[in-house]
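To start, the structure itself, in structure tokens.
The values are calculated or read from the model by the stated rules, or taken from the named source; none is laboratory data. Treat the numbers as computed from the prediction; the structure is a model and nothing was measured. With ideal geometry, Cβ positions are generated from the backbone for all residues, glycine too; neighbour counts draw on all protein chains shown.
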Amino acid sequence: MNIGVLALQGAFIEHEAVLRALGATVTQVRLAADLEPLDGLVIPGGESTTIGKLATNFGLMQPLRDFAQTRPTWGTCAGMIFLAKDIGIDRQPILSVMDITVNRNAFGRQIDSFEVDLPIKGLGALPFHAVFIRAPLATAAGPEVDVLARLETQQIVAARQGHLLATAFHPELTPDTRMHEYFLRLAR
Amino acid sequence: MTSNGNHADGAQTGSEKVKRGLAQMLKGGVIMDVVTPEHARIAEDAGACAVMALERVPADIRAQGGVARMSDPDMIEQIMQAVTIPVMAKCRIGHFVEAQILQALGIDYIDESEVLTPADEEHHINKHQFAVPFVCGCRNLGEALRRIGEGAAMIRTKGEAGTGDVVEAVRHARAVLGEIRRLKAMDEDELFTYAKNIQAPYALVKETAELGRLPVVNFAAGGVATPADAALMMQLGMDGVFVGSGIFKSGDPAKRAKAIVEAVTYYQNPEILLNVSRNLGEAMVGINVSAMAEGDKIATRGW
């Protein structure tokens, strides 16, 4: 299985390491041509404004949108913002492929970043240790969207819509590989 | 602090994981020095992954002399309000009260920086005491691991800030990365002696040997002025780049800032590096480090 990791900016090496350890072939994606052979794509955490500008300047927006419309794509943190239909900011480029409304930096500044044990639908009984860094939240999800996890405050932090997956936290920063395994099952 | 109460029960803030984690999200990016909200917006529009808010860029601190201190919190706050990307600010080496003030302001990262005049000639800040993460400069592996031992969640080379001469950043990057390569070949007996010789905590020396890299993110800083300089630091093995005076002391800051961001992403692609290097206008004039008096160098600050 050949999985791409969007490598414009951010924590792409961490995703790459987990996916390789699970047996996937991993390609770093920086240009549209890199998308061709892929079975799935991970859009990592990083600064969503930086990733959006680089994707625009190097002609990646439409190829990424086309890819995400048909092939398995997972966005973590900045990647979740990138997948969303609506982020309430017109000037920031996003793919608008997933029926979720996302609020950037929803918890405040870095001092409000946190880690917490989170029950996630589809990962079994054991909670997942989730790391949130200047994280976004989904404030609304359409009827096609399956909400996988909510905080105790009921806000949505993991969701799936068919072949699309979004998490507000960073499974690539903890040793638990269940979230990556979940995505590889989608891409199979 | 500016918590908005969205946290669930049992959530833990200010942990080592989240402090080091933000630096991981900055990797492959460019952090730019800015002195006004307008600069900050230019940096964000160019694709900076964070900005460093300060009253004077290092080239001006150098030119004007005097004691360089933490910037006015009001000025830093205006920059925090101008952009959505993380905002960093500098405090003096050892000046833990300046750090407390920056934390109370809600800054995203503190740079305990040799660019400002040191407040303590023996002790750095005990950074474990803070919920906000710190980045610190280093010239070699021992200095990097001492800072991490004190709680730094991110490391950068010192370089020679405000000169536009990349030679010192290269020296410091090669020193750290070369020492790590040698470390990987050592047996356990040698690691004990090596830790003693470089005055670094043994546990961190061992962890670095096992990981084959620093346990935290490691950026280049000090003297980066062109896209080629930035790509050079990336090819040497750094995780990202700080640009201080190099952007806003140049002829066309917006264009140069964008070019440096693109050079850091496509650092292995000479065709793209060629294109982004064209017609950038005048680079900062700069100072040749080899012609500087020893007393004028700031990289030697820090212990």
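What to note about this one:
- Among the residues of region B:91-121, the one identified as within 28 Å of A:Gly52 (Cβ to Cβ), charged (D, E, K, R) and without any contact (Cβ under 8 Å) to a residue 60 or more places away in the chain is B:Asp111.
- Taking every residue in region B:51-63 that is at negative phi and pairing it with any residue that is of a type in the set (S, T, N, Q) and in a loop (DSSP other than H, G, I, E, B), at least 6 positions away or on another chain, the pairs with Cβ-Cβ distances below 6 Å are B:Leu54/B:Ser71; B:Glu55/B:Ser71.
- Strands (runs of 3 or more DSSP E) (entirely within region A:83-188) containing at least 2 residues that are within 14 Å of chain B (Cβ to nearest Cβ): A:98-103, A:114-118, A:128-132, A:137-141, A:146-150, A:156-161
- Qualifying helices (runs of 4 or more DSSP H) (wholly inside region B:241-292; at least 2 residues being away from chain A (no Cβ under 14 Å), in contact (Cβ under 8 Å) with a residue 40 or more places away in the chain and under 16 Å from B:Met32 (Cβ atoms)): B:245-248
- Test for A:Asp66: is it in a helix (DSSP H, G or I), surrounded by fewer than 24 Cβ atoms within 10 Å (Cβ to Cβ) and of a type in the set (D, E, K, R): yes
- Of all residues in region B:172-219, those satisfying the criterion of being among the aromatic types (Phe, Trp, Tyr) and either in contact with a Pro (Cβ under 8 Å, 6 or more places away or on another chain) or farther than 22 Å from B:Gln24 by Cα (or both) are B:Phe192, B:Tyr194, B:Tyr202.
- Count of region B:240-257 residues which are out of contact with any Leu (no Cβ under 8 Å at 6 or more places or on another chain) and buried (at least 24 other Cβ atoms within 10 Å of the Cβ): 8
- Among residues of region B:131-143 that are more than 14 Å from chain A (Cβ to nearest Cβ) and without any contact (Cβ under 8 Å) to a residue 60 or more places away in the chain, those with a beta-carbon under 9 Å from a residue that is of a type in the set (S, T, N, Q) and in a helix (DSSP H, G or I) at least six positions away or on a different chain give the pairs B:Gly142/B:Asn197.
- Sub-8 Å Cβ pairs linking a first residue in region B:180-199 that is surrounded by 14 or more Cβ atoms within 10 Å (Cβ to Cβ) and at pLDDT 95 or above to a second residue that is part of a helix (DSSP H, G or I) and among the polar types (S, T, N, Q), at least 6 apart or interchain, are B:Ile180/B:Thr208; B:Leu183/B:Thr208, ordered by first then second residue.
- For A:Arg71, the test of being within 22 Å of A:Leu22 (Cβ to Cβ), basic (Lys, Arg) and free of Cβ contacts under 8 Å to residues at least 12 places away in the same chain is failed.
- A:Thr76 in contact with a strand residue (DSSP E or B) (Cβ under 9 Å, 6 or more places away or on another chain), surrounded by 21 or more Cβ atoms within 10 Å (Cβ to Cβ), within 11 Å of chain B (Cβ to nearest Cβ) and closer than 21 Å to A:Ile133 by Cα: yes
- Residue ID - nearest to the other protein chains (Cβ to nearest Cβ), chosen from residues in region A:2-18 that are assigned to a helix (DSSP H, G or I) and over 14 Å from the mean Cα position of the chain (by Cα): A:Ile13
- Set side by side, the residues A:Glu47, A:Glu115 differ, and just one is acidic (Asp, Glu), surrounded by 16 or more Cβ atoms within 10 Å (Cβ to Cβ) and over 25 Å from B:Leu273 (Cβ atoms), which is A:Glu115.
- Only listed residue being closer than 27 Å to B:Val83 by Cα and basic (Lys, Arg), chosen from A:Lys121, A:Lys85: A:Lys85
- Any hit, region B:87-98, residues being under 26 Å from B:Leu232 (Cβ atoms) and under 17 Å from the mean Cα position of the chain (by Cα): yes
- The requirement of being at pLDDT 95 or above and under 19 Å from A:Gln69 (Cβ atoms) is satisfied by A:Gly40.
- Among the residues making up region A:28-44, those that are within 14 Å of chain B (Cβ to nearest Cβ) and either among the aliphatic types (A, V, I, L, M) or crowded, with 17+ Cβ neighbours inside 10 Å (or both) are A:Val29, A:Arg30, A:Leu31, A:Ala32, A:Ala33, A:Asp34, A:Ile43, A:Pro44.
- Selection from region B:62-96 of residues that are touching a Cys at 6+ places or on another chain (Cβ under 9 Å) and either of a type in the set (S, T, N, Q) or more than 14 Å from chain A (Cβ to nearest Cβ) (or both): B:Arg69, B:Met70, B:Ile93
- Within region B:10-25, tally of residues that are more than 7 Å from chain A (Cβ to nearest Cβ) and either part of a strand (DSSP E or B) or touching a Leu at 6+ places or on another chain (Cβ under 8 Å) (or both): 0
- Restricting A:Gly59, A:Gly52 to those that are surrounded by fewer than 24 Cβ atoms within 10 Å (Cβ to Cβ), farther than 27 Å from A:Pro175 by Cα and within 11 Å of chain B (Cβ to nearest Cβ) reduces the list to A:Gly52.
- When residues of region B:26-47 are limited to those that are facing another protein chain (nearest Cβ under 7 Å) and within 14 Å of the chain's Cα centre (by Cα), the one surrounded by the fewest Cβ atoms within 10 Å (Cβ to Cβ): B:Lys27
- Per-region count, region B:157-208, residues assigned to a helix (DSSP H, G or I) and either over 25 Å from B:Asn288 (Cα atoms) or more than 19 Å from the chain's Cα centre (by Cα) (or both): 24
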